[in-house]
Amino acid sequence: MDIASNLTSVKMPSYQHFTFMGVFATPALIDILLLATTKHGLFLSARMGGDEQKHSTIGFMLSLTKVE
């Protein structure tokens, strides 16, 4: 077995749950709902071509990365 049996799981603090919801889950849910209903989302639009959608997605993911 490659996992030590004496390891215990650590409960994630509530502020980390809130941060995850605010940064990833909530905007993604809003974007999906907008795309499904109006065909225009926060980050993408149905009128964008394949290359535009690809570059928009890459730009969005890069904006979420941490730079030190």
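Values in this text are rule-based calculations from the coordinates and carry no lab data. Note that the structure is a prediction, hence the values are computed from the model and not measured. Note that each Cβ is placed from the backbone with ideal geometry, even for glycine, and that neighbours are counted across all protein chains shown.
For segment 14-64, averaging the sequence separation of C-alpha pairs within contact (under 8 Å, six or more residues apart) and dividing by the residue count gives a relative contact order of 19 percent. Positive-end ranking of Thr38, Ile58, Gly22 along the dipole of the chain, with charges on Cβ about the Cα centre, is headed by Thr38.
Per-residue Cβ neighbour counts within 10 Å put Asp51, Asp31 in the sequence Asp51, Asp31, beginning with the fewest. If you bin all the Cα-Cα distances of segment 14-64 at 5 Å, starting from zero, the percentages per bin are 5, 20, 22, 24, 16, 8, 4, 1.
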